[in-house]
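Presented below is the structure to which this report refers.
The values are calculated or read from the model by the stated rules, or taken from the named source; none is laboratory data. Here the structure is a predicted model, which means the values were calculated and not measured. FYI the Cβ positions are ideal-geometry reconstructions off the backbone, even for glycines, and counts take in every protein chain you see.
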Amino acid sequence: MYPSLFIPVISGCYPFQDRDPFVIEETPHIFFAGNQPEYASRLVEGKHGQKVRIISIPKFNETGEIVLVNLSTLESEVLKFSSGGMVKGDEESSEPGTTVMDDIEEL
């Protein structure tokens, strides 16, 4: 798997003759893509039982959203920053799972 086809083109790179340092040889636990139009997450299981959380991370400057990942369970959720504080999950929802946080210390 090649994580970035453009890294050798846009950044200085020492030439390797025996191996390619940009090839991922082991299955990662988390694979993410930044600057996406919206948040999306999916857990994929490989043929040897390996699990990979694939996460699409939205553009913060357009959405005000960050993605939190629990490294123990590989679960992820969105935290949205707004003018009234921070909102966990869907900002417009008033369901019990939505928590408005006014102080970052409460995290």
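Test residue 68 against the stated conditions and say whether it is under 11 Å from the mean Cα position of the chain (by Cα), free of Cβ contacts under 8 Å to residues at least 40 places away in the same chain and part of a strand (DSSP E or B).
Judged against the criteria, residue 68 is a match.
Residue by residue through the stretch 74-100, note down the ones that are closer than 20 Å to residue 55 by Cα, of a type in the set (Gly, Ala, Ser) and modelled with pLDDT of 75 or more.
76
Filter the stretch 71-82 for residues that are under 11 Å from the mean Cα position of the chain (by Cα) and surrounded by fewer than 16 Cβ atoms within 10 Å (Cβ to Cβ) and give the result.
We begin by selecting, within the stretch 71-82, every residue under 11 Å from the mean Cα position of the chain (by Cα); these are 74-78.
If the condition is that a residue be under 11 Å from the mean Cα position of the chain (by Cα) and surrounded by fewer than 16 Cβ atoms within 10 Å (Cβ to Cβ), then 74, 75, 77 are the ones that fit.
Quick one: what pairs do we get from the stretch 26-48, first residue within 18 Å of residue 73 (Cβ to Cβ) and without any contact (Cβ under 8 Å) to a residue 60 or more places away in the chain, second part of a loop (DSSP other than H, G, I, E, B) and of a type in the set (Gly, Ala, Ser), C-beta under 9 Å, 6+ apart or different chains?
Matching pairs, first to second residue: 27/46.
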